[in-house]
Structures are given as C-alpha cells and as structure tokens.
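Below: the structure, in structure tokens.
The values are calculated or read from the model by the stated rules, or taken from the named source; none is laboratory data. Bear in mind that the values here come from a model prediction, so they are computed numbers and not experimental data. Here Cβ is always computed from backbone atoms with ideal geometry, including for glycine, and neighbour counts include all displayed protein chains. Areas reflect the complete protein model, heavy atoms only, side chains present, ligands, DNA and RNA absent. Shrake-Rupley method; radii C 1.70, N 1.55, O 1.52, S 1.80 Å.
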Amino acid sequence: MKKAMKRLGALAAAAVMAVSTPVAVHAEEGYTYNYDWWGDVQYSPDAYRVAGVFTAKELGLDVELSSPEGLFVSGNMVYLCDTGNNRILELERKDQDSLEVVRIIDSFRGGTGSSTFSGPTDVAVTEDGYLFVADRNNGRILKLDMDLNYVLEFTKPVDATMDQTQSFLPRKISTDSAGRVYCVATNVNKGLIKYEADGRFSGFVGASKVIYNWTDYIWKKFATKEQREQLESFVPTEYDNLYTDSEGFLYVCTTNVAEAALDDGTAEPIRRLNMMGNDILVRNGEWYVIGDLYWGEGGGYEGPSLITDVTALDNDVYVGLDKVRGRLFVYDSQGRILFAFGGNGNMDGYFKQPAALDHMGRDLLVLDSLDRSITIFTPTRFGAMVYQAIEQFQEGDYEESGETWREVLALNGNYDLAYIGIGRTLLRQKEYHEAMEYFRLKWDYENYSKAFKQYRKEWVEEHILLVILVVFGVLCVPLGIGKLKAIKREIDTADIFMKQ
Amino acid sequence: MTPLKRKESFEHYIATLKYSLYCMTHPLDGFWDLTHEKRGSLAAANTILVLTLLARIMNLQFTGIVCQQVYWEGINIFLYLASVLFPFLLWCVGNWALTTLFDGKGTLKQVYMASCYAIAPYPLFQFPLIILSNVITVEEREFYLVLGSLSLAWCAVLMIAAMMEIHEYKVSKTILCTIGTIFAMLIMIFILLLFFSMISQGIAYFVSLYREIMFRM
C-alpha cells in the first residue's frame, strides 16, 4: 500500500513537473520520415542527402535566374527554363558534385514568328535529339533540333471544344517515344492536350472524373440563375504537371484537390495514365497517395500537401513534390510510402518555393523558383539499400532482396517495409513460422495469413496422429461416458439387487 | 460459520452459477425463476461480470492478428474496462430508476443480477473464439465475426427477456422501457459531465484564490 502511494506521489510530481517546466522536446523530429501501418509518423535515417545547391553564382552566370519554372533531365544533361529571362540553360553534370553551363539558348534559327522565347515554362528533350520548348507567352510549343534550327511548332488546337477567344498558354509539356507531345495548358480543364508527331492536335487525354456532391446537385436544380453563378461550377480538375515514365505511361499531378476528398480517398493528386487516359496507378498501400496524412498548422502552413510535380525513377518508384511544405514524397510501385523528406527554409535541402522536379538515375533534382536554385539530392546508404532491395525483389532475386532488407533493418529498425520484405523472402524460402513473426510485428495480417496457412498445413501433416487422437477423443469420450452411465443405471436398477 | 455451512454455501454458489446456462437456453422460464424462486445469487452474478471483464482483457491480449489489430499506444486498461463497466452499471441504475416509476417489480439488486446473467453468453463465446482466432486465416475470418456478433445478439435478447421477467412487463412495454433506459443513460452522462465540469471550475476558483492571496502576502 505504501509503495503504491509512493508511486502515485512520484507520478503526481512528474505530472506537475511536466506542466510547470516548458521543455522543448523535439528530439524525435527529423528530416526524413514515413508512415507506419497505423499512419503514425516514423522518423527514419535520411534517405537522401544534398549533393549540391546551384544558383547563378555557382553556375558562373552573370545574370541571376528569374523565376525559373521548368526542369528536364536527359542523360547527364539538365535543361532549365529561366522563364523570367526568356532563355533556356543547358547544363551538364560532369561529376557527382558539379553542374556546369554548356550553352545558353535564347534564340533559334528559322520559323515563321519570333525567333526568341517569351516566358518559356517547360522544356523536353527526346532521345532522338529534339528540343521541345513550351513558349508560353508566344502561345506555341516549339520543336527544335540540337543545333537550334526550327523544325515544327504546335499551336492552339483548332477544335470546337476549345474556347477560341481565350489565349493559348502551354505551361508544361512532355513527349513520348513516338514523338507525340502532351501539354498542360492554363485554363484547359479537359485533360492533357495531345499532339501527334506531325504537329496535328488529336484530342484531349485523361480528363479527371467530375465528382460532385448530390446535395449541391439538388440545390442547383432549385437555385435561381444568379445563385447558380455564385456556386462553384462542377468542372474537371486542371493538371499541374506531367511526366512520361520509362514505360511510356504518363504520370500527372494536380493541386486542385479538396480536403474532404483527400480524407475519404476520392481525390487522386497523383495519377498514372495509360494511352486511353485511364488512371492505372496502383494504390495498395495502407494510406492514400496524397503526401502528408496530417495537415497541422505549424510553421504558418496549412491545408493538405499540394503535389506540384512528379517524376518516376526507372525502378517504378515515383516521387511527388509538395509545394506547400516543400517536401518530397517517395512511393514504390505499390503506392506504399518509402520516405518523405524536405521542408521550407533557407538551409540546403529546404526550399522556398519548389517548382519542378526531375531525376537523374536515382538522384533527384529540385528547382526552386523563388530561391532561384537547383538542389541535387543523392541517395544515402540507407536510401540506396531500400532501392536495391526493391529492385532485387522485382527482378526475382528474393534471397538477395531479403539480405538487403536485413541491412536496411540494421540501419532503421522502424522501417515497416524491411520487415515485410524479409517476411516475403522467408515465405518464398518456405520458412513459414519465421515469416509469420516478421509480418506480425508490422501488422501485415494478409501476408501473415498466407504464411500461417502454410504453417498450419505443415503442422497438421506432422502431427496427424495427434490430430486423429484428439478428434477421436472428443467424439468418443462423451459417448463412452454415456455408455458407462447407462450400464451403471442398469446395474443399479437390476432385479437381483432390487429384490434385497 | 461451521465447515458444513461453508460447504453448503459453496455448493449453492456453483449451482447458481450453473443456473446461468439454463437462463441462456430458457430465458423466459429461467429469468422468472432467477428471482422468484431464488435460483440465482449475487456472487454468481458478480462472477459473470468479472469473467466478462476478463474476457475483454484476454480478447485484447490474445486475439490473433488476423482478426484484431490493437493499437497498444492508445490503450489504457482502466479506461478500457470502464468502457464496459460504466455503461453496464449505468444501464442497471437507469433501468431501475425508470421502472420504479412505471410499475416495475424488480429491485436494483434484481436488475443487476438479471443483467449479469443476461451477459453470460459473451464470456462463454469469447474464450473459445480467442483460441479460434489464432488458428484461422483471412479467408476464414467470417466465422469468427459471425460467431462474435451472434454472442452479442444473444446477450441482447437475454437482456430484454430478463427485464421482462424481472419487472413482470409485457413485450411492448419492455421495448419501450429499453428505449427509455437508453435515454436515461444519456441524461445521466450529461448530468455527470455537468457535475464534473462544475466541480473542476469550483476547484479552479479556490486554487486561483489561494494563488492570489499567496502572491499578495
């Protein structure tokens, strides 16, 4: 009793201490994190480190970059749209930590109109050596060869569904292997504008489904014309950016998302479109592919993550860039979050207004339009291990994958995917009981169930005699008891004893 | 107490505990005899309640991962037990308070005893279900879920039958009374919340008064 009182006293004292002394405890906060099965933030070792931050000074330019918006990587060449200065920079990454200017593209030869750019917002380079420029303020997409000779231009689609009075402002472009051009244009909400290789407009692709509230629908039926105009109109969302992945599918992202829709999983800020324009992004993760799950109002930022650019690595891992909190969200091909990192600020690895994202191998390049810089991230040992394990599993090297996941686990004991990865390898190796333990620890009950099914089968086969005995016992013991009781009763009531 | 008497009372306890099984299968007859023929005992009722609480804890700890995932960081064992005990006791008090106004024949003790006997299917089902949950896969989970809901439905039916027999009500009046009891429970929760917030404000007043005086001195 005394002990209990003492403990209670200690507890009360601790509580008082906790209330009265404001201690800033931020020990667990880190730069990199991910979400576990419960959706809790699990801080992790850094998956990426900053390899370099390049502004005009580092690049050796005499004019500062001016609100740059577009970024494209091809091989080890980086193309940067210096939008405010109406030029495109061709940069080369000669080694890990350097980025050098190769040439400054501010005009081209040939063509019918102006031979300079006006507010170029995006650039793309195809494998056969053509340069595509979204020349926004001139309302055209230019196709140039590598010697800057005019080849073709893609202009405003002449189509009944297009409002001809509005100016055409191509904002983001991407090309596919057949030379088709996909374009996101301001004020166009019918999806991506698709041009054939010969410059012909061939329609819109991937317009998002219109989701509306049925109460709003009924209300609209009864509202007057003036009221209807006041109401938000039900239109498909505009895309913000697009990226053609190595398989030729289009990753698109949109920042036009409602909080409620993100919460219930109906909003899809990142999509992967096939040729038909249907969303084929795999969403097998425990949580929606929406960036941050919790939108605290800390640091002056509120609301959900707004994914402003997306890129996909060759191992089907894709990355979304959140412009609200300056974070990068890395997902695997199943839609499970691998890591999230970044933030807003002035330090290396933090952003002011991230605008574009691309990758060079496994390195990530982020363009900050306010800080006027390119940040290059390169995977740390931890990040590289995770990628290696994923790639080994994709290639069918299950045992090596398991070994790599074990190394990941040694670096980060809170990494759910490592446990599940090891479990899956064990499952392949028919080590069912051990696999169960790994799945159980990280609540992966579906894989646990698969392992358990096999384990149960093995167990029953090994203990078949015991099983038969138990079943026999359960069936026969009550029967036997009944029989015995009947015999006893017969003896008790037998005539020869009753006579006495 | 003589040893013989103690043995008798122990046998009585076992018999009354066994009687809960009879109540489960013969609710109308069983709950009538429970109080009118004195075939139930408070000790047995308490045992059933304790077993229910035990089943709740064991359910938390030992149910297989396939059937239940527990967020351990969010579990407070006392709150968890209170989440069963508090509504149960509230039910007993609410039911008794309401039925005394509407010609109910049951006393608080009888209401409590019958309610305890009515929830007997829960522990009886739960213990085998915990074992079952550890030997099934995701595809077989439906069995677990169906049996679990079945035990709760059984408890509900028994509870209504118990109240009917204890208070000597008709079916329609029992159902009305059950709905009324739920409202009574809500009102009691409201008053309790009011009471606690008043008390805490009162304490805060005296604490701030004390601080102010100490500050001036």
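Pop a pseudo-label 7 angstrom from the Cα along the beta-carbon direction at both B:Val171 and B:Phe143 and give the gap in nm to one decimal.
My value for the distance between the label points is 3.4 nm.
What angle do you read, to the nearest 10 degrees and between 0 and 90, between the alpha-carbon axis of helix B:27-36 and the longest principal axis of chain B?
The angle comes out near 70 degrees.
Determine the dipole magnitude for segment A:370-461: charges of +1 sit on the beta-carbon of Lys and Arg, -1 on that of Asp and Glu, nothing else is charged, the reference point is the Cα centre, and the result goes in debye to the nearest 20.
280
Once you keep just the Cα pairs under 8 angstrom separated by 6 or more residues, what percentage relative contact order results for chain A? Intermediate results must be reported in sequence, preceding the final value.
Working: 959 pairs, mean separation 55.7, N = 500.
Once divided by the residue count of chain A, the mean separation gives 11 percent.
Got the relative contact order for segment B:23-149 handy, in percent, Cα pairs under 8 Å and 6 or more residues apart? List each step's numbers first, then the result.
On the way: 91 pairs, mean separation 50.7, N = 127.
Once normalised by length, the contact order is 40 percent.
From zero up to wherever the largest Cα-Cα distance of segment A:118-168 sits, split into 5 Å bins and tell me the percent of pairs in each.
5, 21, 24, 22, 13, 9, 5, 1
Give me, ordered by chain and number, the residues 5 or more places off A:Val324 or on other chains with an amide H under 5 Å from its own placed amide H.
A:Leu306
What per residue convex hull volume, in Å³, comes out for segment B:95-167 when only alpha-carbon positions are used?
On the way: hull volume 5.6 nm³, N = 73.
Measuring per residue, one finds 77 Å³ for the Cα hull of segment B:95-167.
If you place +1 on the Cβ of every Lys and Arg and -1 on the Cβ of every Asp and Glu, how big does the dipole about the Cα centre of segment A:47-378 come out, in debye to the nearest 20? Could you put the intermediate results ahead of the total?
On the way: 32 positive and 50 negative charges, 153 e Å.
It works out to roughly 740 debye.
Taking the simple approach of a point 7 Å from Cα along Cα-to-Cβ for both A:Asn346 and B:Lys38, what is their distance in nm?
8.7
Determine the gain in length on full extension of the stretch A:Glu64-A:Leu465; use 0.36 nm per residue of separation and subtract their C-alpha separation, reporting nm with one decimal.
On the way: separation 401, 0.36 × 401 = 144.36 nm, distance 8.23 nm.
Contour length minus the Cα-Cα distance gives 136.1 nm.
What residues in segment B:45-77 lose 20 Å² or more of accessible surface when the other protein chains are added to their chain alone (1.4 Å probe)?
Residues passing the criterion (a loss of at least 20 Å², heavy atoms only) are B:Ile65, B:Val66, B:Gln69, B:Val70, B:Tyr71.
Of the candidates B:Val138, B:Val93, B:Val111, which one comes out as most mobile in a Gaussian network treatment of chain B with C-alpha springs shorter than 10 Å?
The residue with the greatest mean-square fluctuation here is B:Val138.
With the solvent-accessible surface defined on protein heavy atoms using a 1.4 Å probe, which residues belonging to segment A:432-466 display a reduction of at least 30 Å² in accessible area in the multichain context relative to the isolated chain?
Correct list: A:Trp443, A:Tyr445, A:Tyr448, A:Ser449, A:Phe452, A:Lys453, A:Arg456.
According to the square roots a ≥ b ≥ c of the eigenvalues of the Cα gyration tensor, what is the shape class of segment A:192-323, taking rounded for a/c under 1.5, prolate for a/b larger than b/c otherwise, and oblate for the remainder?
Values: a/c = 2.14, a/b = 1.23, b/c = 1.74.
Note, shape of segment A:192-323 comes out oblate.
Considering only DSSP states other than H, G, I, E and B, which trypsin sites (Lys or Arg not before Pro) in segment B:22-69 qualify as loop sites with at most 10 other Cβ atoms within 10 Å? Provide the component values of the computation, followed by the final result.
Numbers: sites: B:Lys38, B:Arg39, B:Arg56; in loops: B:Lys38, B:Arg39.
When the trypsin sites (Lys or Arg not before Pro) of segment B:22-69 are filtered for loop state and at most 10 Cβ neighbours within 10 Å, B:Lys38 remain.
R0 = 22 Å: FRET efficiency of A:Thr165 with A:Gln227, Cβ-based, nearest 0.05?
Numbers: r = 26 Å, r/R0 = 1.19.
My answer for the efficiency is 0.25.
Tell me the per residue accessible area of the protein assembly as shown using a 1.4 Å probe; a whole number in Å² is fine. Display every interim value, and only then the final one.
Values: 39280 Å² over 717 residues.
Normalised by residue count, the accessible surface of the protein assembly as shown is 55 Å².
For B:Thr107 and B:Phe62, compute 0.36 nm times the residue count separating them, minus their Cα-Cα distance, and round to one decimal in nm.
On the way: separation 45, 0.36 × 45 = 16.20 nm, distance 3.77 nm.
Net length gain for the segment: 12.4 nm.
Would you grab the residues whose amide H sits under 5 Å from the one on A:Ser74? Only those 5+ places off in sequence or on another chain, please, with H modelled 1.01 Å from N.
A:Tyr79
Given points 7 Å out from each Cα along the Cα-Cβ axis, report the A:Thr380 to A:Ser115 separation in nanometres with one decimal.
5.2
If each DSSP helix of 4+ residues adds -39,500 (n - 2.57) and the sum is divided by the residues in chain B, what number results at 222 nm, nearest 500 deg cm²/dmol?
Details: 8 runs with 176 residues, N = 217.
The helix contribution divided over chain B gives -28500 deg cm²/dmol.
Please say if chain A is rounded, prolate or oblate, where rounded means a/c under 1.5 for a ≥ b ≥ c the square roots of the C-alpha gyration tensor eigenvalues, and otherwise the choice is prolate for a/b larger than b/c and oblate otherwise? Walk me through the numbers on the way to the answer.
Working: a/c = 2.20, a/b = 2.00, b/c = 1.10.
In terms of gyration-tensor shape, prolate.
Once both axes come from the Cα atoms, what is the angle between helix B:77-101 and the longest principal axis of chain B, in degrees from 0 to 90, rounded to 10?
So the helix axis and the longest Cα principal axis differ by about 80 degrees.
Tell me the relative contact order for segment A:349-500 as a rounded percent, counting alpha carbon contacts under 8 Å between residues six or more apart. Walk me through the numbers before you get to the answer.
Details: 143 pairs, mean separation 14.9, N = 152.
It rounds to 10 percent for segment A:349-500.
Between A:Ile487 and A:Trp38, what length in nm is gained on full extension when 0.36 nm per residue of separation is reduced by their alpha carbon distance? Kindly include the intermediate steps, with their values, before the conclusion.
Details: separation 449, 0.36 × 449 = 161.64 nm, distance 6.10 nm.
Result for the pair: 155.5 nm of gain on full extension.
Identify, among A:Val408, A:Ala207, A:Pro68, the residue whose Cα sits farthest towards the positive end of the charge dipole of the protein assembly as shown, taking +1 on the Cβ of Lys and Arg and -1 on the Cβ of Asp and Glu, with the dipole about the Cα centre.
It is A:Val408, whose Cα lies furthest towards the positive end.
Computed over the Cα atoms of segment A:350-394, what is the convex hull's projected area averaged over all directions, in nm²?
Details: hull surface 14.2 nm².
So the Cα hull casts an average projection of 3.6 nm².
Note the angle between two axes, namely the Cα long axis of helix A:416-428 and the longest principal axis of the Cα atoms of chain A, as a number of degrees from 0 to 90, rounded to the nearest 10.
60
Before we go on, tell me the buried accessible area for the B/A pair, both chains summed, 1.4 Å probe, in Å² to the nearest 100. Walk me through the numbers before you get to the answer.
Numbers: alone 13850 and 26640 Å², together 39280 Å².
In total, chains B and A hide about 1200 Å² from solvent.
Name the residues whose placed amide hydrogens come within less than 5 Å of the amide hydrogen of A:Phe339, ignoring near sequence neighbours (fewer than 5 apart) on the same chain.
So A:Phe339 has HN proximity to A:Val330.
Charges at C-beta only: +1 for Lys and Arg, -1 for Asp and Glu. How large is the resulting dipole of chain B about its Cα centre, in Debye rounded to 20? Write down the numbers at each step before the final one.
Details: 14 positive and 13 negative charges, 130 e Å.
Dipole about the Cα centre, nearest 20: 620 debye.
Could you please report the charge total around A:Asn447, scoring K, R as +1 and D, E as -1 over all other residues with beta-carbon less than 11 angstrom from its beta-carbon? It would help to have the intermediate numbers written out before the result.
Numbers: positive: A:Arg424, A:Arg440, A:Lys442, A:Lys450, A:Lys453; negative: A:Asp444, A:Glu446.
Net local charge, A:Asn447 excluded: +3.
Using only the Cα atoms of segment B:1-70, build the gyration tensor, take square roots of its eigenvalues as a ≥ b ≥ c, and label the shape rounded, prolate or oblate: rounded if a/c is under 1.5, else prolate if a/b is larger than b/c, else oblate.
Details: a/c = 3.79, a/b = 1.72, b/c = 2.21.
Because a/c hits 1.5 or more and a/b fails to exceed b/c, segment B:1-70 counts as oblate.
Assuming R0 = 35 Å, what is the FRET efficiency of A:Ala258 and A:Leu411, from their Cβ-Cβ distance, to the nearest 0.05? Can you show the working numbers first?
Details: r = 38 Å, r/R0 = 1.09.
FRET efficiency, A:Ala258 to A:Leu411: 0.35.
Counting only protein heavy atoms, what percent of the accessible surface of the protein assembly as shown is carbon or sulfur at a 1.4 Å probe? Each step should come with its number before you reach the end.
Numbers: 23610 of 39280 Å².
Answer for the protein assembly as shown: carbon and sulfur cover 60 percent of the accessible area.
Compute the FRET efficiency between A:Tyr217 and A:Tyr294 as 1/(1 + (r/R0)^6), taking r as their Cβ-Cβ distance and R0 = 35 Å, and round to the nearest 0.05. Could you put the intermediate results ahead of the total?
Working: r = 31 Å, r/R0 = 0.89.
Approximately 0.65, to the nearest 0.05.
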